[in-house]
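Here's the structure we're looking at; comments come further down.
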Amino acid sequence: MIVLGIETSCDETAASVVTDQANGDARILSNVVLSQLDEHRPYGGVVPEIAARSHLDHIDRIVDEAMREADVSFDDLDCVAATGGPGLIGGVIVGVMTAKAIALTHNKPFVAVNHLEGHALTVRLSEQVEFPYLLLLVSGGHCQLLSVEGIGKYKRLGTTIDDALGEAFDKSAKLLGLGYPGGPHVEKAAALSENPERFSLPRPMKGKPGCDFSFSGLKTAVRQTAEKLPPGPFKDEDLNDLCAAFQIAAADTLVDRCTRAIKMFKHDYPSGNTLVVAGGVAANKAIRERLSQMCDKHKMAMVAPPLKLCTDNGAMIAWAGLEAFKAGQRDTLDFAPRPRWPLDPDAPKAAYAGGKKA
């Protein structure tokens, strides 16, 4: 089975071709990603209108490049998949309309993929991970813990009640003058710290019942700590130590919330033994290490996609589309792109990031 996947939900224009071979091995035949970082960097974050226009300018070229690199024709495809939401609606529309046009022209089935499910299933593209598993989805727009029971079957255990962790990384980096995107800059500065315990920052929600997250207080604490530093440009040692303190506090919070989620997951699935960490923040090596240590303690295996598949890409959409197609999903060409699309529609609504996108 060969599937073309298109991803345009935020600031990457991406297309990929993946295949599920007869022996069960998955292969990425192509994975082309065009980043818009340079276009958004002057604004310190993604500007939706700029993102949508950039997707429109480049999508045809990116799809053509992905098809050429994979050395397949549109007639070779079994289906065409695209992110149908959640995301910045202008960009989602561009990707969905492109996929629909290809599907209609070449008489191929169309599958609309939930962007979050793309992240949730990516690990099955690179690893032999069986259902059910516990998922920590942590990125710039999302921070959730879910039981993944199967294709399209999710039970949300916790979500952010305010900021997502990736957003807190970005805004803290902007405050400290480190640039955009914030995650890699904070991680790099933290690695240079010689006194990571110098600043005391809060661990929001730590010890509280349930598995929900909160990161707005941590972000505020970074600002308040920075304001107490000597006036003038930040010294390198101050920046490095503050970034290290932020990263440690974030990791401590994730470990606390995940520990509670493991207990809930094990109650429902006593034989379940895998924590999957997905999303852009999963690329942070220090956080990966802390979560891996936590999993060792609870006799769980921690699995994360390769670093290049943690951030938004077309391969995760192609793979999720392939899995959904094999499970019988087909979408009509009147599918409406969705700015919001929860993985667990029965979960209680949460405020801000948890409610807006998840």
Quiz item: If you scan the range 259-286, which residues turn out to be open to solvent by less than 10 Å² (accessible area, probe 1.4 Å) and either in contact with a strand residue (DSSP E or B) (Cβ under 6 Å, 6 or more places away or on another chain) or free of Cβ contacts under 8 Å to residues at least 60 places away in the same chain (or both)?
Solution: 261, 265, 275, 276, 277, 278, 279
Self-check item: Checklist (1) modelled with pLDDT of 95 or more; (2) over 19 Å from the mean Cα position of the chain (by Cα); (3) of a type in the set (A, V, I, L, M, F, W, C) applied to residue 26, failing item
Solution: (1)
Quiz item: What single numbered condition from (1) under 20 Å from residue 322 (Cα atoms); (2) modelled with pLDDT of 95 or more fails to hold for residue 52?
Solution: (1)
Quiz prompt | Evaluation of residue 300 against (1) surrounded by 20 or more Cβ atoms within 10 Å (Cβ to Cβ); (2) closer than 17 Å to residue 173 by Cα (one fails), failing number | solution = (2)
Practice problem: Give just the number: which of (1) over 20 Å from residue 138 (Cβ atoms); (2) under 18 Å from the mean Cα position of the chain (by Cα) does residue 184 not satisfy? | Solution: (1)
Quiz prompt | Count of the range 204-230 residues which are surrounded by fewer than 19 Cβ atoms within 10 Å (Cβ to Cβ) and within 16 Å of residue 166 (Cα to Cα) | solution = 3
Practice problem: With the condition kept exactly as written, say whether any residue in the range 65-81 is within 23 Å of residue 174 (Cβ to Cβ) and open to solvent by 10 Å² or more (accessible area, probe 1.4 Å). | Solution: no
Quiz item: Restricting attention to the range 35-48, does a residue exist that is in contact (Cβ under 8 Å) with a residue 24 or more places away in the chain, part of a helix (DSSP H, G or I), touching a helix residue (DSSP H, G or I) at 6+ places or on another chain (Cβ under 8 Å) and open to solvent by less than 10 Å² (accessible area, probe 1.4 Å)?
Solution: yes
Quiz item: Which residues, counting only those in the range 22-34, are free of Cβ contacts under 8 Å to residues at least 12 places away in the same chain and either among the basic types (Lys, Arg) or open to solvent by less than 60 Å² (accessible area, probe 1.4 Å) (or both)?
Solution: 24, 27
Quiz item: Among the residues of the range 187-236 satisfying the criterion of being aliphatic (A, V, I, L, M) and not in a helix (DSSP H, G or I), which is nearest to the chain's Cα centre (by Cα)?
Solution: 205
Exercise. Being in contact with a Cys (Cβ under 9 Å, 6 or more places away or on another chain), at positive phi and surrounded by 15 or more Cβ atoms within 10 Å (Cβ to Cβ) narrows it down to one of 87, 91, so name that one.
Key: 87
Exercise. Within the range 1-21, work out how many residues are surrounded by 24 or more Cβ atoms within 10 Å (Cβ to Cβ) and among the charged types (D, E, K, R).
Key: 2
Practice problem: Test each condition in (1) farther than 21 Å from residue 15 by Cβ; (2) of a type in the set (A, V, I, L, M); (3) touching a Pro at 6+ places or on another chain (Cβ under 9 Å) for residue 103 and report the one that comes out false. | Solution: (1)
Exercise. Quick one: count up the residues across the range 310-352 that are small (Gly, Ala, Ser), surrounded by 18 or more Cβ atoms within 10 Å (Cβ to Cβ) and either closer than 18 Å to residue 86 by Cβ or over 20 Å from the mean Cα position of the chain (by Cα) (or both).
Key: 6
Quiz item: What are the pairs, 6+ residues apart or on separate chains, where a residue within the range 121-144 that is farther than 20 Å from residue 273 by Cβ and open to solvent by 10 Å² or more (accessible area, probe 1.4 Å) has its Cβ under 9 Å from a residue that is among the aliphatic types (A, V, I, L, M) and in a loop (DSSP other than H, G, I, E, B)?
Solution: 139/164; 140/46; 140/164; 141/164; 141/358; 142/164; 142/358
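The values are calculated or read from the model by the stated rules, or taken from the named source; none is laboratory data. From a predicted model like this one, the values you see are computed outputs, not experimental measurements. Glycine gets a Cβ as well: all are built from the backbone with ideal geometry, and neighbour counts include every protein chain shown. Note: areas computed on protein heavy atoms with side chains; ligands, DNA, RNA excluded. Shrake-Rupley method; radii C 1.70, N 1.55, O 1.52, S 1.80 Å.
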